[in-house]
1. If you fit an axis through the alpha-carbon atoms of helix A:109-119 and take the longest principal axis of the Cα set of chain A, what angle between them do you get, 0 to 90°, nearest 10?
2. Quick one: work out the % antiparallel among DSSP beta bridges in the protein assembly as shown, nearest 5.
3. Defining the label point at 7 Å along Cα→Cβ, can you sort the distances from A:G118 to the same site in each other copy, shortest first, in nm?
4. Tell me which GluC sites (Glu not before Pro) from the stretch A:74-149 have a DSSP coil assignment and no more than 15 other beta carbons within 10 Å of their own.
5. Exactly which trypsin sites (Lys or Arg not before Pro) in the stretch A:422-461 are in a DSSP loop and have at most 16 other Cβ atoms within 10 Å?
6. Could you calculate the contour length gain from A:S522 to A:A510, that is, 0.36 nm times the residue separation minus the distance between their Cα atoms, to one decimal place in nm?
7. What is the helix-to-structure angle for A:494-509, meaning the angle in degrees between its Cα long axis and the longest Cα principal axis of chain A, kept from 0 to 90 and rounded to the nearest 10?
8. My understanding is that a pair violates if its Cα-Cα distance is over 22 Å; which of A:K181/B:K136; B:K22/B:K526; A:K46/A:K136; A:K124/B:K22; B:K247/B:K284; A:K136/B:K156 do that in this structure?
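We did not get these values from a lab; they are worked out from the coordinates using the rules stated. Keep in mind it's a predicted model, so treat the numbers as computed, not measured. Every residue, glycine as well, gets a Cβ built from its backbone with ideal geometry; the counts of neighbours run over all protein chains shown.
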2 protein chains.
Amino acid sequence: MSSLFLRTLREDPADAEVPSHKLLVRAGYVRRVAPGVYSWLPLGLKVLRNIERVVREEMDAIGAQEIQFPALLPREPYEATGRWTEYGPNLFRLRDRKGNDYLLGPTHEELFTLAVKGEYSSYKDYPVILYQIQAKYRDEERPRAGILRGREFLMKDSYSFDLSDEGLAESYARHRAAYIKIFDRLGLRYVIVSATSGAMGGSASEEFLAESETGEDTFVRSPESDYAANVEAVVTPVPPAQPVADKPSAQVHHTPDTPTIESLVAFLNGAGLGREFAAADTLKNVLVKIRQPGSADWELLGVGVPGDREVDMKRLEASLAPAEVALLEEADFAANPFLVKGYIGPGSLTANGVRYLVDPRIVTGTAWVTGADKPDHHVVDLVAGRDFTPDGTIEAAEVRHGDPSPDGCGTLEAARGIEIGHIFQLGRKYADAFALDALGPDAKPVRITMGSYGIGVSRLVAAIAEQSHDEFGLVWPRSVAPFDVHVVIAGKNEEITAGGEQLVRELDAAGLRVLLDDRKVSPGVKFADAELLGVPTIVVVGRGLANGLVEVKDRATGERSEIPRATAVAHLTRECVTVF
Amino acid sequence: MSSLFLRTLREDPADAEVPSHKLLVRAGYVRRVAPGVYSWLPLGLKVLRNIERVVREEMDAIGAQEIQFPALLPREPYEATGRWTEYGPNLFRLRDRKGNDYLLGPTHEELFTLAVKGEYSSYKDYPVILYQIQAKYRDEERPRAGILRGREFLMKDSYSFDLSDEGLAESYARHRAAYIKIFDRLGLRYVIVSATSGAMGGSASEEFLAESETGEDTFVRSPESDYAANVEAVVTPVPPAQPVADKPSAQVHHTPDTPTIESLVAFLNGAGLGREFAAADTLKNVLVKIRQPGSADWELLGVGVPGDREVDMKRLEASLAPAEVALLEEADFAANPFLVKGYIGPGSLTANGVRYLVDPRIVTGTAWVTGADKPDHHVVDLVAGRDFTPDGTIEAAEVRHGDPSPDGCGTLEAARGIEIGHIFQLGRKYADAFALDALGPDAKPVRITMGSYGIGVSRLVAAIAEQSHDEFGLVWPRSVAPFDVHVVIAGKNEEITAGGEQLVRELDAAGLRVLLDDRKVSPGVKFADAELLGVPTIVVVGRGLANGLVEVKDRATGERSEIPRATAVAHLTRECVTVF
């Protein structure tokens, strides 16, 4: 440590909010260069490389082949798939000296697809899985939490290429198993949640979320089963349809001064209708407009949800992706005078050709209080399947604590996590864009189907730190720790110094990765730094050496024990060798 | 090979001119993505990683510490040193979503200097050497020869920080020794040449050039000594001054129709002057204009060289760096009517305050034929130190085959090489720019002095291929080869196939890295691919197996021998294990 390029800090950096960010900076693992752009100092780079090795080994173990694409990429392939535009301001774009457009790769679907098309032609070549571990670039609007959400970050991205849907399912399953091994080896607590696709296009998809209160991703889970899902991916259980026959007929009521669901319910309950209404009995119709990719035209869309729930814009957007969603402006209401703001009912939408999608709870036979399409009027007992027929259902309503779990076991609770992995059955989107076909055994072309699979390698450093620290500093799992043993020389006399150095030589020779604190500072400073740096085993060589003893401290449990110097190397080799 | 992501090509790529480019593409090591931007397929990536490992081991061995900076860098540090501007169109510049300027790092002097300033403060912290192995970006005007001169490339760059010039010399010497070890381990033939600095600013500098006819760098060497230098760095031996007293006085002659040195010499030799003139007796004055960095103003400069030599613009520019050099335009002549085009002599330059620098051969007492500053007139016997006094000397004249070697041993010959390493005593340029000081033992600040040291890691793949190939393909040195052994199954019967697979299992278990050609193609195709891929040892398992024999071929020498299958693993382990 007297020559290590490292200075620890006593104070948290001013811009740091989450523990991993604070500790990784204080312990000298990373340094900020620009917003969301960090450099890796020696200890940080060691941890990063350890993680990289675990990822590489498990990818190799499923037969994935490592290649490496450039980060600087020409525009054309991304133009062909529409992502040059779709990525919007998240893409770093630049021009070369000749004025040609380039980008810094956010992910490499296009390039991998073109690479396979370039090399392979026959069905005999497939399946194949390719991967790379490489710097990625995304111009995040709000980079945050140090390396947790950066703009330059290290990612493992892999892609599978199969001849059939069954093949894709198999490649997907192999990745899923590899990811489980990787995250287990890294000592992470994580859940696998059903996910939606984001900007990638495609279908089956799961995310690996490291459980953490500081995570950006909200997910729900049922404590009574292994169900877990992104909020966007929660599928609302559909109640059974109800008979229509026994329902009273719909009646329009004058309902003045009821601008909110709450005031409407209060009004109805005071109107002497002979029964009690709740917010859940009302049907709230929210109007948005959507635009399909590549289209210039906006289209109106009505979304009906039970009045006790808000529309969750992230769920709505996920349901409508890749279409763009926007709220209506005054001009839109002016252009569509049949929309009576605050009193929109299914009737005017259907009559005017506006597509109308409803929450899955709004099944045939359910009766609703909703807008009567004229100011200050609502209709009561408007029955689905009798008085109105939606164009379909949509997952847009908020998911709440206590909602029934979609798997039928128990109720949902919310939790937060850090996305550390994402596996995704892309399907044929990219193969279609580039006509990636294999010549089949019958000499006919077979369109290839793809999967894409990502692990945020640099983010994992932060995710592990987020889960594994205490008030004194970092606490690395052995598999990622920058060193196996941290030897502290506690004492100034020559015997102690020489004894510590001798121990380090022996540990080195035994194959352990050892950090020696040989600085001329007080033992207190050394102990504090050892806690901060987080090497799993701390060995203190101090006064006890005169009696043939050294102290061994387990960083994670805090347990201390004195062991004989004579057997220390054997003891530490047994305890501390990292089996990667 | 039946599942390896690899397709070899029979034809050279259309855009390839040099052997390494042709073979690396044909053998499926790299693929072009955009001009000067390449991807690495599995075999290429293995070679690249092997080189990386050698570089890393030798850097670690001199106590250098590995860190990693981002490639995406903010403008400000490069603005502070002027390089944001100086790099001109070679820099990839971009803006983020907020409109802030960024660049893709071409080298990282600024960031390393700031990093050390951020962590270190005391003289006790020094010296320190830091390095990274990382993608670099330069928007080359003419990317060429595949990965030999790319726009995205992998580089090891290191930086030393010392308290004194002696310390810098020591850090420089350690790098020099490490580079020699690295290039020796990689099996390269190379020379170390004195070099100039280019855009880096600073002083002592050497380049490591891999000898290659396809190299971009011309250097000169004396076969009679170990002298070698970049043409830009050749220092002209200065002849002794001559007595002025015995020289005839200068005479102006009417010399019509003598626009060239050749016609001037012919005219004089026919003019009955009683002696013979040669081109080397004439003094050619070339006018250029120069602009200092950060200045808007151009300044005239006269450069005088013996008439038998051209001005070498690269040498002139190197001598004047970091100033910018340009040729005069008509407007410049119009603005300076004392410049009589074709007849410029020292007189008008000195009289009009134009700085005038001459070749070192133009010493006091030498007599010259030169322009007389009026049309159609030259002056004969204009004597340096008597009739004109230059403002100094400049290395600008071309260096020629047969010129005396600057070290006094023999004469120079020209050769070509590929720059694979560059070591450079930067001095205090960057420390000055960022006020990088250490607090000395007397509590006074000590300005740090720096060295910068680069190795073109990805370029090395091409440089090695350039030196190590034959008409059939690549011939990798063991230290970088993607595999130790290439086993070819030559035959379709089950015994041969099973025998080959069993041999590979045993070699794998013995720790060898083995490539097995198990494809269902003819032995001829397999042999051709084995030659093309260039694994050092090829083992053929064929009909001989029935007699207990396999064939071993040395890729480099072409030697073949049959060895007993029973001892094959022991034999190959002995021959082929790569000691990295």
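1. 70 degrees
2. Numbers: 184 of 226 bridges.
In the protein assembly as shown, approximately 80 percent of DSSP beta bridges are antiparallel ones.
3. Shortest to longest, the spacings are 3.6 nm.
4. When the GluC sites (Glu not before Pro) of the stretch A:74-149 are filtered for loop state and at most 15 Cβ neighbours within 10 Å, A:E141 remain.
5. Working: sites: A:R428, A:K429, A:R447, A:R459; in loops: A:R428.
Passing both the DSSP loop test and the Cβ count: A:R428.
6. Working: separation 12, 0.36 × 12 = 4.32 nm, distance 2.87 nm.
This chain segment gains 1.4 nm when fully extended.
7. 60 degrees
8. A:K181/B:K136; A:K124/B:K22, as the Cα separations exceed 22 Å there.
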